[in-house]
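Visitor: Dropping the structure in here first, questions after.
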Amino acid sequence: MFNKRTKIKEVLAQEPMSQEVTVMGWVRSFRNNQFIALNDGSTNNNLQVVAQLGKFNDELLKRITISASLKVIGTLVPSLGKGQKMDLNAATIEILGDSDAEKYPLQPKKHSLEFLREIAHLRFRTNTFGSVFRVRHSLAYAIHKFFNDKGFVYMHTPVITASDAEGAGEMFRVTTLPFDNPPRNEDGSINFKEDFFGRSTNLTVSGQLEGELGATAFGDIYTFGPTFRAENSNTARHLAEFWMIEPEMAFYDLEDNMNLAEEFIRYIIKYAMDNNREDLEFLAQRLADEEKQLPQDKRAEMGLIEKLEFVLHNNFERLTYTEAIDILKESNHNKKKKFQYPITGWGMDLQSEHERYLVEKHFKKPVILSNYPREIKAFYMRQNDDGKTVAAMDILAPGIGEIVGGSQREERLEKLLARMKEMNIPAEELWWYLDTRRFGTVPHAGFGLGFERMTQFVTGMTNIRDVIAFPRTPKSAEF
Ligand code: ATP
Ligand code: MN
């Protein structure tokens with residue numbers, strides 16, 4: 001057996017009492033031919049390995065270069081130097097893999113996030129990305145724990161779908177037809193009957209419709225999987241491939257839905273605060289340093305930890321779309337024509353600048369907007385009695401904008417069919433979806449949380465490309 005190592009995070013938590021430990025990791029730095037800073041990815045804190053002078057031959061010492069991988073067996077002793085509690089006094093050092101320091105792209109200096117995106121295969125080895133991805137992991141774990149503890153069933157909805165009815169975004173086509181000479185119908189259109197699935201298929205934009213099928217049998221389900229949208233917009237909060245969590249609950253109305261979403265967001269933030277304190281403090285410092293370079297009015301009013309604490313201890317502001325439009329319309333910002341898209345009145349779709357004004361300037365906290373005009377929302381949202389709005393809700397977060405989109409679903413077959421007809425959505429294709437309304441329909445609701453946007457919120461990373469391992473965006477699918 002090769003692996004009886006102790007992770008460095010665990011080593012650093014011990015009291016040094018000359019006990020023997022085996023560690024393995026990568027060299028972050030090597031000073032004075034004697035002090036190795038070793039990192040194994042379990043924490044940003046390095047273990048100082050001491051290679052006593054004269055104990056190891058020059059041949060070996062020369063190979064201890066940045067990012068070389070080592071196996072070290074030694075004894076843990078209190079450190080004589082400042083800056084660390086303990087040293088690992090090396091008895092044996094084995095080079096597992098050499099690293100040519102001249103060619104290694106990560107130098108021991110500060111690299112820009114843009115540069116690190118170009119070497120995304122190595123960026124996990126930096127402190128920033130070490131912290132980001134450990135936090136991302138914790139959030140994913142907390143999500144499963146939250147729903148599991150509440151008795152939700154984790155449902156895997158298909159990645160390849162034939163339904164293009166939801167209209168959540170532009171889709172990627174899935175096909176095995178040849179590009180150069182696809183089979184055609186008499187009228188010249190492509191004959192998808194010849195395609196792999198015998199019909200035209202796409203990568204999913206949302207698992208919601210299938211999720212509703214699960215909820216109307218299990219009661220409560222959630223999905224957590226990849227989602228694809230061919231959004232041809234290069235923003236700091238859109239990816240072409242992102243992960244979404246979509247809970248769907250039978251016997252829930254809009255208010256139940258909002259309550260769950262709020263509880264859920266708080267729970268996962270608290271989980272990260274309790275389990276990733278060190279990483280969050282590192283990220284908070286990183287963000288503070290980054291913000292020092294911004295003009296005063298562009299800086300966040302709260303530090304990262306402060307912001308997360310604030311969210312844990314303050315209710316989200318809840319208001320209707322109609323109330324939000326009034327606030328925006330009357331705002332000085334609008335009167336002074338500072339919005340790129342001026343507030344024209346009731347019925348308009350809110351742009352991200354409006355959402356951010358509400359959360360960052362007006363309320364200074366997360367906001368839940370509800371009851372949007374039916375014309376700007378999807379067909380499945382429950383129609384309110386006023387005939388103008390639907391029981392939709394979006395949660396908006398400071399620095400991010402929309403983080404959750406959800407609604408109570410239209411459970412009344414007649415109303416649903418009428419709305420689909422108005423919106424030219426073919427009922428024949430969604431026969432399976434409509435069956436839930438035919439056989440024991442129930443009030444139900446659900447929402448979608450963008451996992452990367454949530455991770456951005458918790459880590460303070462301003463670009464969504466920096467919270468997913470290998471981002472897919474227009475013109476970019478390296479790695
Ligand atoms: P936006 O208006 O920001 O494009 P949306 O209205 O298209 O969002 P929904 O269809 O409601 O979003 O999707 C649910 C959630 O998925 C959003 O609240 C957001 O957190 C996330 N999301 C949507 N599109 C993307 C994307 N392209 N990249 C990353 N996350 C996304
Ligand atoms: Mn969108």
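Visitor: Using the Karplus curve 6.51 cos²θ - 1.76 cosθ + 1.60 with θ = phi - 60°, what ³J(HN,Hα) values do you get for each residue of segment 35-45, in whole Hz, with x for Gly and Pro?
Guide: Once rounded to whole Hz, the list reads 10, 9, 8, 10, 10, 10, x, 7, 7, 6, 6.
Visitor: Separate question: Using just the helices of the chain, give the 222 nm mean residue ellipticity in deg cm²/dmol: DSSP H runs with n ≥ 4 each add -39,500 (n - 2.57), and the total is spread over all residues, rounded to 500. Working shown, then result.
Guide: Numbers: 14 runs with 143 residues, N = 479.
The per-residue figure over the chain is -9000 deg cm²/dmol.
Visitor: Could you state, as a whole-number percent, how many of the C-alpha pairs of segment 213-263 are farther apart than 12 Å?
Guide: Numbers: 905 of 1275 pairs.
Percentage above 12 Å: 71.
Visitor: On the full set of protein chains, 1.4 Å probe, figure out the accessible area of Glu422 and give it in Å² to the nearest 10.
Guide: Counting only protein heavy atoms, Glu422 exposes about 110 Å² to solvent.
Visitor: Translational diffusion coefficient, Stokes-Einstein: compute it for segment 413-454 using the Kirkwood radius over C-alpha pairs as Rh, at 37 °C and 0.692 mPa s, and state it as an integer in µm² s⁻¹. Could the numbers behind the result be given before it?
Guide: Working: Rh = 12.3 Å.
In µm²/s, the coefficient rounds to 268.
Visitor: Provide the net charge surrounding Leu213, with neighbours chosen by a C-beta distance below 12 Å and charges set as Lys +1, Arg +1, Asp -1, Glu -1. Intermediate values should be presented prior to the final figure.
Guide: Working: positive: Arg409, Arg437; negative: Glu210, Glu212, Glu248, Asp435.
Surrounding charge for Leu213 is -2.
Visitor: Can you tell me the FRET efficiency between Lys110 and Leu294 if r is taken as the Cβ-Cβ distance and R0 is 22 Å, rounded to the nearest 0.05?
Guide: Working: r = 17 Å, r/R0 = 0.76.
Plugging the Cβ-Cβ distance into 1/(1 + (r/R0)^6) gives 0.85.
Visitor: Another question, then. Roughly how many Å is it from the Cα centre of segment 319-345 to that of segment 238-266, as a whole number?
Guide: Taking the Cα centre of each part, segment 319-345 and segment 238-266 sit 27 Å apart.
Visitor: Which angle from 0 to 90°, rounded to the nearest 10, does the C-alpha axis of helix 254-275 make with the longest principal axis of the chain?
Guide: That works out to roughly 0 degrees.
Visitor: May I ask for the Kirkwood hydrodynamic radius of segment 125-178, worked out over all distinct Cα pairs and given in angstroms to one decimal? Working shown, then result.
Guide: Numbers: mean 1/r = 0.0660 Å⁻¹.
Taking the inverse mean of 1/r over all distinct Cα pairs, segment 125-178 comes out at 15.1 Å.
Visitor: On the Cα set of the chain, report Rg and Dmax in Å, please.
Guide: Answer for the chain, Rg first and Dmax second: 26.7, 86 Å.
Visitor: Which lysines have a Cα lying under 18 Å from the Cα of Lys338, excluding residues fewer than 8 positions away in the same chain?
Guide: Excluding near neighbours in sequence, the set is Lys298, Lys329, Lys361.
Visitor: Sorted by mean Cβ packing within 10 Å, highest first, what order do the peptides 49-58, 220-229, 206-215 take?
Guide: On the way: 49-58: 13.8, 220-229: 21.1, 206-215: 23.1.
With the highest mean Cβ count within 10 Å placed first, the list reads 206-215, 220-229, 49-58.
Visitor: Take the Cα radius of gyration of segment 146-214 and divide it by 2.2 N^0.38 Å, with N its residue count; two decimals is plenty.
Guide: Working: Rg = 16.3 Å, N = 69, 2.2 N^0.38 = 11.0 Å.
Here the answer is 1.49, to two decimals.
Visitor: Quickly rank 131-143, 280-292 as a protection proxy: mean count of other C-beta atoms within 10 Å, highest first. Display every interim value, and only then the final one.
Guide: On the way: 131-143: 20.6, 280-292: 16.5.
Result, highest mean first: 131-143, 280-292.
Visitor: Per 0.36 nm of contour for each residue apart, how much would the distance between Lys62 and Phe439 grow if the chain were fully extended, relative to their Cα-Cα spacing? Intermediate results must be reported in sequence, preceding the final value.
Guide: Details: separation 377, 0.36 × 377 = 135.72 nm, distance 7.35 nm.
Answer, rounded to one decimal: 128.4 nm.
Visitor: Out of every Cα pair in segment 1-73, what percent are spaced more than 17 Å from each other?
Guide: Value for segment 1-73: 42 percent of Cα pairs lie more than 17 Å apart.
Visitor: Step through the residues of segment 118-125 one at a time and calculate ³J(HN,Hα) from phi using the Karplus curve (6.51 cos²θ - 1.76 cosθ + 1.60, θ = phi - 60°), rounding each to whole Hz and writing x for Gly and Pro.
Guide: After applying 6.51 cos²θ - 1.76 cosθ + 1.60, I find 6, 10, 4, 5, 10, 5, 4, 7 Hz.
Visitor: Further question: For helix 321-330, what angle does its Cα long axis make with the longest principal axis of the chain, in degrees from 0 to 90 and rounded to 10?
Guide: Roughly 80 degrees between the two axes.
Visitor: Just add up the charged neighbours of Asp40: K/R +1, D/E -1, any other residue whose Cβ is under 9 Å from the Cβ of Asp40.
Guide: Working: positive: Arg5, Lys7, Lys9; negative: none.
Residues near Asp40 contribute +3 overall.
Visitor: Continuing with the same structure: Can you give the extra length, in nm with one decimal, that the chain gains between Glu429 and Leu53 once fully stretched, where that is 0.36 nm per residue apart less the Cα-Cα distance?
Guide: Working: separation 376, 0.36 × 376 = 135.36 nm, distance 7.53 nm.
Once the chain is fully extended between Glu429 and Leu53, it gains 127.8 nm.
Visitor: Where the centre of each part is set by its Cα atoms, how far does segment 405-479 sit from segment 170-213, in angstrom?
Guide: 20 Å
Visitor: Expressed as an acute angle from 0 to 90° and rounded to the nearest 10, what is the orientation of the C-alpha long axis of helix 127-149 relative to the principal long axis of the chain?
Guide: Its long axis makes an angle of about 50 degrees.
The values are calculated or read from the model by the stated rules, or taken from the named source; none is laboratory data. Because the structure is a prediction, the values reported are computed rather than measured. Positions of Cβ are generated from backbone atoms using ideal geometry, with glycine treated the same way; all protein chains shown enter the neighbour counts. Side chains included, ligands, DNA and RNA excluded: accessible areas come from the protein's heavy atoms. Shrake-Rupley method; radii C 1.70, N 1.55, O 1.52, S 1.80 Å.
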